[in-house]
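The values are calculated or read from the model by the stated rules, or taken from the named source; none is laboratory data. Every value quoted in this text rests on a predicted model; they were computed, and no experiment measured them. Cβ atoms come from the backbone with ideal geometry, glycine included; neighbour counts cover every protein chain shown. Ligands, DNA and RNA are excluded from the accessible area calculation, which covers all protein heavy atoms including side chains. Shrake-Rupley method; radii C 1.70, N 1.55, O 1.52, S 1.80 Å.
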Number of protein chains: 2
Amino acid sequence: MKKLRIAQISPLIESVPPKKYGGTERVVYYLTEGLVERGHEVTLFASGDSVTSARLIAPVTQSLRLGRKIHSTIIMHMLMLSKVYEEMAGEFDIIHSHLEYLTLPYATRFQTPTVLTMHGRLDVPDYVEMLRRYRSMAWVSISDSQRLPAPEINWAGTVYHGYPESLFTFNPDPKEYFLYLGRFSEEKRPDEAIRLARACKIHLKLAAKIDPADKAYFKTKVEPLLDSPYIEYIGEVDDSRKGELLRNARALLNPIDWPEPFGLVMIEALACGTPVIVRRCGSSPEVITHGLTGFVCDSQLDFIHAIHNIDTISRAACRREFERRFTLGHMVEKYEALYRNVIAAAPARPPTSLSQRSFQLRRHRSNRRQSFRKLLHGYHLP
Amino acid sequence: MKKLRIAQISPLIESVPPKKYGGTERVVYYLTEGLVERGHEVTLFASGDSVTSARLIAPVTQSLRLGRKIHSTIIMHMLMLSKVYEEMAGEFDIIHSHLEYLTLPYATRFQTPTVLTMHGRLDVPDYVEMLRRYRSMAWVSISDSQRLPAPEINWAGTVYHGYPESLFTFNPDPKEYFLYLGRFSEEKRPDEAIRLARACKIHLKLAAKIDPADKAYFKTKVEPLLDSPYIEYIGEVDDSRKGELLRNARALLNPIDWPEPFGLVMIEALACGTPVIVRRCGSSPEVITHGLTGFVCDSQLDFIHAIHNIDTISRAACRREFERRFTLGHMVEKYEALYRNVIAAAPARPPTSLSQRSFQLRRHRSNRRQSFRKLLHGYHLP
């Protein structure tokens, strides 16, 4: 197969990979490494403190969160996009942008096709209007559920995030605790995790960070519940401690209550062989197979049932499902196939106006709508 | 003369005109009214709570500062730009954007020429890089001094802000006080105004707002100086009280210490016949003619000399200079001429690449450079 000349455009907020948090930059890092390993000629546009096997083009020396405060985030990203498109578009077979909407006015001007991965939730009116206005772009969702606010646009595919197989270690023999991992934010519902642990009399470790924005919630809703022999509050942890905590847990207790487009923490747990107990919302019923890799819960009774029956889940099966669905290899292969599809579909043409393009693409949409209908109907049957 | 079909694109942060602060939206308001009055067919893109004689197209019902918090400012502005350019560009002879940089990726795609007025200070590296990258656009500065960080780009003109002649009332007989008007922000140096008033034993009224960001500065640097029989602290005032305070002042004491691209408050004072005592920085030596409409000061001694000699300035001359240089009529005429120049210079052509365009425009730049050199040399000789 012909090797591709690929541009990866990362946000500049964090380095690639990020020093600490930064889901998007982490995914861009692994994807870029995977594409290079498969022999593609990859150019990564990211901050100068990034580490990559690809050619790095850095419009700023340091990630914007750490670097000079003088920079305007939007303008720095616009300058980067201007460089990618206005100076270099002809050097690439495909441009893959992780900058979402800001990419649109550039991407629509150039013949080199662009793939746009949406990393955030889309159930916001402005966002939906933007998706619809540029419906003919090659949009990529990170879960099928993420598409629900705008199912009718030109989704080129869903590509789940993936991790290298060796990044997390499988452990068949966990210790006697459940784990809550992430931030102490209201939408992740650590209070519910604590309440469930106390009700079921199970040992729960809370390894989570308190962001400044979450302080009030933590003070009023979480802290008052911590005083219990069942609850162990650990605080923020680094990557190696995170791996250790994950692989020794009986299960990840993840009562999130928001339409999370993809929960990286769930595949991190599965990679360790640790099952996941999660509320049915966002991507959770896609990532977790009810009864096989954990439990997808609709009510507190479901959660309690899941906790009591966690031993019916095979840890080997959890790891197997990770290897079958969520490795870096899968992610890279899916993106590669998607790039080739998008390149093949891009007509060799002088740049046409948007209205013409959306007309051209409208004809192909009936197929997609059909597959989406399948998705909608299968959605509550994990 | 042929009437023009003009698009005015305002920020959506405040309504047009703004309910309180919002210099850009205020200027857009008067400019739009003036253009309509001259018979042009103007379409104003602004928030739905705007008031205008033009056709209003509003992507949001309420200005973003007041409206639903759900909106992303950038995305709402991008949606508006997409509508202006991708749906309607053909309906206009000229598009005048006050959204600065965000306009660029749209404006470069369409044949309808765009005029970009820069409303903020430009001495920021990112901004300068952006100006240079798109040097061939029709950039408009609001003072000549604003251009200093990037003198070499294609400045289509400087257009000073202007106010309707009747908005402020001329008063030949002021009362016995000087006025500081604006915000209590460090760069506007109210502390210096107070120190000067105490040293010269003159009565100073301070009509200014304390923004949350300025609280610490106010507490530590201003408040300790307020306790003096010469200082009267008034607080925030509305438009009618502002007019009254301005026209009854012996002078506006304006010791700003930042490169202000244009100080609206200075022309408000002149419109009342009130002279202005100002530090030499930013646009001040352009707006204030030393010895005629006030004093442009380099040192504390200059300020003290100005205060003691304020009666040598003719209030009638101040008003006359306002009428000669800073009325709405002037602003509208200058923009109208500038639109016609830009339209005439725009080649009837299929959209060309940016590099071709900058080549085309480079040939015309020598004239401009010459006039800019004049500006640089004349800069300290008001």
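Before moving on, here are some points about what is shown:
- Loop-located trypsin sites (Lys or Arg not before Pro) in segment B:50-138, at most 10 other Cβ atoms within 10 Å (DSSP): B:Lys69
- Taking chain B and dividing mean pair separation by its residue count, relative contact order in percent (alpha carbons under 8 Å, at least six apart): 15 percent
- One Cα centroid belongs to segment A:62-127, the other to segment A:235-257; the line between them spans 33 Å.
- Residue and whole-Å distance for the chain A Cβ lying nearest the axis of the A-onto-B rotation are A:Pro105, 2.
- ³J(HN,Hα), Karplus 6.51/-1.76/1.60, whole Hz, each residue of segment A:3-18, x for Gly, Pro: 6, 9, 9, 10, 9, 10, 10, 9, x, 9, 5, 10, 6, 10, x, x
- Of the residues B:Pro275, B:Ile313, B:Tyr217, the one whose Cα sits farthest towards the positive end of the charge dipole of segment B:178-326 is B:Ile313 (charges of +1 on Lys and Arg Cβ, -1 on Asp and Glu Cβ, taken about the Cα centre).
- Shape call, segment B:90-186: gyration tensor on alpha carbons, a/c limit 1.5: prolate
- The label-point distance for B:Asp123 and A:Tyr230, in a model that sets each label 7 Å from Cα toward Cβ, rounds to 6.3 nm.
- Global geometry of segment A:131-224, whether rounded, prolate or oblate, following the gyration tensor of its Cα atoms and the 1.5 cut on a/c: oblate
- For segment B:1-126, the relative contact order is 26 percent, taking Cα pairs closer than 8 Å that sit 6 or more residues apart in sequence and dividing their mean separation by the residue count.
- Centroid-to-centroid separation of segment B:1-55 and segment B:260-312 [C-alpha atoms, Å]: 30 Å
- In the full protein context, chain A carries 42 Å² of accessible surface per residue, based on a 1.4 Å probe and ignoring ligands, DNA and RNA.
- Other-copy label distances relative to B:Glu41, 7 angstrom Cα-Cβ extension, nm: 5.0
- Using the empirical formula 2.2 N^0.38 Å as the baseline, the Cα radius of gyration of chain A reaches a ratio of 1.02.
- Net charge over other residues, Cβ less than 13 angstrom from the Cβ of B:Pro261 (K, R count +1; D, E count -1): -4
- Measuring between alpha carbons in the structure, the pairs from A:Lys221/A:Lys242; B:Lys20/B:Lys334; B:Lys188/B:Lys242; B:Lys175/B:Lys201; B:Lys219/B:Lys242 lying more than 22 angstrom apart are A:Lys221/A:Lys242; B:Lys20/B:Lys334; B:Lys219/B:Lys242.
- Note on A:Val51 and B:Arg38: with the Förster distance fixed at 56 Å, the Cβ-Cβ geometry gives a FRET efficiency of about 0.40.
- Just checking the listed ones, A:Ser72, A:Ser185, A:Ser145: in the Gaussian network model of chain A with Cα springs under 10 Å, the one fluctuating most is A:Ser72.
- Residue ranking by accessible heavy-atom surface, 1.4 Å probe, largest first, among A:Glu86, B:Glu41 comes out as B:Glu41, A:Glu86.
- Remark: label point of A:Gly90 defined 7 Å out from Cα along the Cα-Cβ vector; separations to the same position in other copies 2.9 nm, ascending.
- The dipole here belongs to chain A: it is taken about the Cα centre, uses +1 on the Cβ of Lys and Arg and -1 on the Cβ of Asp and Glu, and is about 1020 debye.
- Segment B:186-309: C-alpha gyration tensor shape, a/c 1.5 cut-off, then a/b vs b/c: rounded
- Binning all Cα-Cα separations of the protein assembly as shown at 20 Å, short to long from zero, yields these whole-percent fractions: 14, 39, 31, 14, 1.
- Take every Cα pair under 8 Å whose residues are at least 6 apart in sequence, average their separation, divide by the length of segment B:178-326, and the relative contact order is 22 percent.
- At least 10 Å² accessible surface lost relative to isolated chain, residues of segment B:110-138 (1.4 Å probe): B:Val124, B:Pro125, B:Asp126, B:Tyr127, B:Glu129, B:Met130, B:Arg133, B:Tyr134
- Other residues whose C-beta falls under 10 angstrom from the C-beta of B:Asp298 contribute a net charge of +1, scoring Lys and Arg +1 and Asp and Glu -1.
- Charged side chains reduced to their Cβ positions (Lys and Arg at +1, Asp and Glu at -1) give the protein assembly as shown a dipole of some 1820 debye around its Cα centre.
- Dipole magnitude of segment B:178-326 about its Cα centre (Cβ charges: Lys, Arg +1; Asp, Glu -1), debye to nearest 20: 320 debye
- With its label point put 7 Å out from Cα toward Cβ, B:Leu167 sits 5.6 nm from the same residue's point in the other copies, in order from shortest.
- Surrounding net charge for B:Ala150, when Lys and Arg each add one and Asp and Glu each subtract one, Cβ distance under 10 Å: 0
- Spin-label model distance (nm) - B:Glu165 vs A:Ser240, 7 Å beyond Cα toward Cβ: 7.9 nm
- When the surface is traced with a 1.4 Å probe over the full set of protein chains, B:Lys2 keeps roughly 130 Å² accessible.
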